[in-house]
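> Take a look at this one; I'll ask things after.
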Amino acid sequence: MLYHTYELTHAALSPLKALSSAAQYTCSSIYNPFAYTPLGKSVAAACEMFNRTTNRYGKPEWGLSQTTHDGKVIPLTEETIYCTPFCDLLHFRRDASADLPKVLIVAPLSGHYPTLLRGTVEAMLPEHDVYITDWRDARMVPLSLGPWGLDDCIDTISNLIRFLGEDTHVIAVCQPAVPVLAAVALMAEDNDPCQPRSMTLMGGPIDTRVNPTSVNRHAETKDISWFKSNVISRVPFPHPGLMRPVYPGFLQLTGFMSMNLNRHMKAHLGLFNDLVRGDGDSADQHKEFYDEYLSVMDLPAEFFLETVKTVFQDHALPKGEMTYGGRLVKPATITRTALMTVEGARDDICGLGQTAAAHDLCSALPKKQKRQYVNQNVGHYGVFNGHRWRTEIQPEIARFIARQQAG
């Protein structure tokens with residue numbers, strides 16, 4: 001019923017949004033003298049704030065049509081080269097990329113669209129042949145295509161690595177660190193010829209017992225039945241995924257916002273003031289960030305619940321108890337895939353040390369094939385986006401990949 005209530009609320013707000021849009025247009029028209037008064041500017045700003053707050057934000061565009069390397073502008077073509085019911089493999093194709101390291105970026109399945117990693121991809125493009133998992137919104141996947149859980153995620157990652165072939169470098173951002181490590185471990189145990197050359201885990205919950213955060217504690221204090229009862233809903237009509245059980249994007253967004261509510265409120269108050277003052281540059285920066293931040297997708301219920309239970313409650317991977325299709329996942333079997341972990345000292349979602357726990361699990365890897373990096377100045381988002389990502393963190397990853405590529 002929660003999802004249906006959400007849909008009905010949006011439908012009920014439609015007339016108010018139409019009136020608000022008309023008022024905003026009228027009060028900001030260059031032909032209206034009232035638009036030049038402080039009151040007119042305030043009314044227009046208030047209407048725009050209402051419209052933005054009640055909008056439904058769809059999947060953003062990647063908008064990456066070119067990159068620059070050695071002073072040369074290189075055109076890019078965005079193409080989908082592999083499809084599954086819940087994930088597409090997106091390739092940013094360029095000419096003469098065969099001699100560049102192949103990098104598969106595994107985006108988080110934690111509410112936001114993979115386009116949240118636009119800055120991550122953009123920084124990797126100049127020197128790498130970049131691919132990324134373009135996860136599909138679960139409410140758009142028909143129920144007839146069946147459930148999709150943690151094992152299916154591991155399957156998808158393994159199949160994508162095999163599709164790309166040998167000498168692939170994998171980067172897992174946040175939540176998929178666990179299924180990526182599991183996939184690589186299973187491939188190592190099977191002596192798969194397509195084992196990736198390197199694996200970089202960034203801000204991922206390998207062992208949430210280390211330096212637990214409020215997110216970790218919340219997951220541990222609730223029984224899995226509580227999550228089933230309180231956060232799982234069925235997709236309503238008219239979405240293609242009608243009746244599919246999901247963890248709705250709007251609930252995830254509520255959780256994201258509540259963690260830093262004061263900061264978000266101040267940011268929106270700042271936007272209102274910028275609109276009244278006519279500070280277009282500052283207002284555009286705010287809109288650009290929140291257009292992305294407010295775009296969320298539904299997750300398959302099976303995947304969400306299994307991840308909560310396996311990763312955050314049972315701590316199955318670090319305890320050596322995680323299974324895939326009845327098989328025990330053994331990171332100690334990894335001997336060919338070099339490992340790098342990246343963490344932010346100010347991360348309030350994935351505590352410092354949780355990702356680095358992977359080094360102890362991959363005990364068969366020699367020390368020269370391991371790299372542990374901590375940036376003292378970034379939080380969770382800064383690990384994979386922003387100024388320090390571009391100038392400090394990404395160059396470290398690029399050097400690590402280059403060393404492994406050189407053998």
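Any read-out appearing in this document is the output of simple, stated calculations on the displayed coordinates, not a laboratory observation. None of the values given here were measured: they were computed from a predicted structure. Cβ: placed from backbone, ideal geometry, glycine included. Neighbour counts: every protein chain shown.
> At a temperature of 37 °C and a viscosity of 0.692 mPa s, determine how fast the chain diffuses translationally according to Stokes-Einstein, using the Kirkwood radius over alpha-carbon pairs as Rh; express D in µm²/s, rounded to the nearest whole number.
145
> Taking only complete DSSP H runs, can you tell me which helices of the chain stretch 27 Å or more along their own long axis by Cα positions and average at least 0.5 on the Kyte-Doolittle scale?
none
> If the chain between Asp360 and Thr80 were fully stretched, how many nm would it gain, using 0.36 nm times the residue separation less the Cα-Cα distance?
Full extension of this stretch gives 97.2 nm more.
> Just to be sure I understand: if I project the alpha-carbon convex hull of the stretch 152-222 onto a plane and average over all orientations, what area do I get in nm²?
5.4
> Which residues make up the longest stretch of the chain that has no GluC sites (Glu not before Pro) in a DSSP loop with at most 13 other Cβ atoms within 10 Å? Intermediate results must be reported in sequence, preceding the final value.
On the way: sites that count: Glu61, Glu166, Glu321.
In the chain, the maximal stretch lacking such sites is 167-320.
> Can you list the HN-Hα couplings for the stretch 377-386, worked out from phi with the Karplus curve (6.51, -1.76, 1.60; θ = phi - 60°), rounded to whole Hz and with x for Gly and Pro?
Here the 3J(HN,Hα) series is 10, 10, x, 5, 5, x, 5, 10, 8, x Hz.
> Can you tell me what share of the DSSP beta bridges in the chain is antiparallel? A percent to the nearest 5 is fine. Let's see the in-between values first.
Values: 22 of 47 bridges.
Roughly 45 percent of the DSSP beta bridges within the chain come out antiparallel.
> Using a 10 Å cut-off around each Cβ, can you sort Cys194, Cys362, Cys350 from fewest to most neighbouring Cβ atoms?
Going from least to most buried by this count: Cys194, Cys362, Cys350.
> Taking the chain as a Gaussian network, where each spring joins two C-alpha atoms under 10 Å apart, which residue of Lys319, Lys59, Lys370 fluctuates the most?
Lys319
> Between Ala402 and Lys330, what is the label-to-label distance in nm when each label sits 7 Å out along the Cα-to-Cβ direction?
Here the modelled spin labels are 3.7 nm apart.
> A further question on this structure: Could you estimate the translational diffusion coefficient of the stretch 90-154 from the Stokes-Einstein equation, with Rh from the Kirkwood formula over C-alpha pairs, at 37 °C and 0.692 mPa s, in whole µm²/s?
After rounding, the answer is 241 µm²/s.
> Just flag the trypsin sites (Lys or Arg not before Pro) in the stretch 27-88 sitting in loop per DSSP whose Cβ has no more than 12 other Cβ atoms within 10 Å.
Arg56
> How much length would be gained if the chain were fully extended between Gln66 and Ser42, taking 0.36 nm per residue of separation minus their Cα-Cα distance, in nm to one decimal?
Taking 0.36 nm per residue and subtracting the Cα distance, the gain is 4.7 nm.
> Ignoring everything except DSSP H segments at least 4 long, calculate the 222 nm mean residue ellipticity for the chain; use -39,500 (n - 2.57) per segment, divide by total residues, nearest 500.
Working: 14 runs with 164 residues, N = 407.
Result for the chain: -12500 deg cm²/dmol, rounded to the nearest 500.
> Another question, if that's okay. Give me Asp95, Asp348, Asp155 ranked fewest to most by other Cβ atoms within 10 Å of their Cβ, as a rough exposure proxy.
In increasing order of surrounding Cβ atoms, one gets Asp95, Asp348, Asp155.
> Using only Cα atoms, what Kirkwood radius does the stretch 1-67 have, in angstroms?
Over the stretch 1-67, the inverse of the mean reciprocal pair distance is 14.1 Å.
> Further question on the same structure: Would any residue of the stretch 122-147 have its amide N under 19 Å from a label point 7 Å out along Cα→Cβ of Ala11? List them or say none.
From the stretch 122-147, the list is 139-140.
> What percent do you get for the relative contact order of the stretch 47-206 when only Cα pairs under 8 Å and 6+ apart count?
21
> I've got another one for you. Whole-Å semi-axes of the stretch 98-212's equivalent ellipsoid, largest first, each the root of 5 times a Cα gyration tensor eigenvalue?
That gives 21, 18, 17 Å for the three semi-axes.
> Provide the net charge surrounding Lys228, with neighbours chosen by a C-beta distance below 14 Å and charges set as Lys +1, Arg +1, Asp -1, Glu -1.
On the way: positive: Lys222, Arg234, Lys309; negative: Asp223, Glu302, Glu306.
Here the count lands on 0.
> Could you name the lysines whose alpha carbon sits less than 29 Å from that of Lys266, not counting residues in the same chain fewer than 8 places away?
Here the lysines satisfying the reach criterion relative to Lys266 are Lys17, Lys41, Lys59, Lys287.
> Let me ask you something else. Could you let me know the centre-to-centre spacing of the stretch 156-235 and the stretch 329-403, using Cα atoms, in angstrom?
That distance is 14 Å.
> Please order Tyr113, Tyr31 by the number of other Cβ within 10 Å, starting at the fewest.
Sorted ascending by nearby Cβ count, the order is Tyr31, Tyr113.
> Please give the contour-minus-distance gain from Arg390 to Arg217: 0.36 nm per residue of separation, less the Cα-Cα distance, rounded to one decimal in nm.
My answer for the length gained is 59.1 nm.
> Under a cut-off of 14 Å between alpha-carbon atoms, report the aspartates and glutamates in cross-link reach of Lys72, not counting same-chain residues fewer than 8 places apart.
Of all the aspartates and glutamates, those that pass the test against Lys72 - Cα under 14 Å, at least 8 places apart if same chain - are Asp95, Glu127.
> Scan around Thr213 for amide H atoms under 5 Å from its own, H built in the peptide plane at 1.01 Å from N, and keep only partners 5 or more places away or cross-chain.
Distant-sequence amide H within range of Thr213: Gly351.
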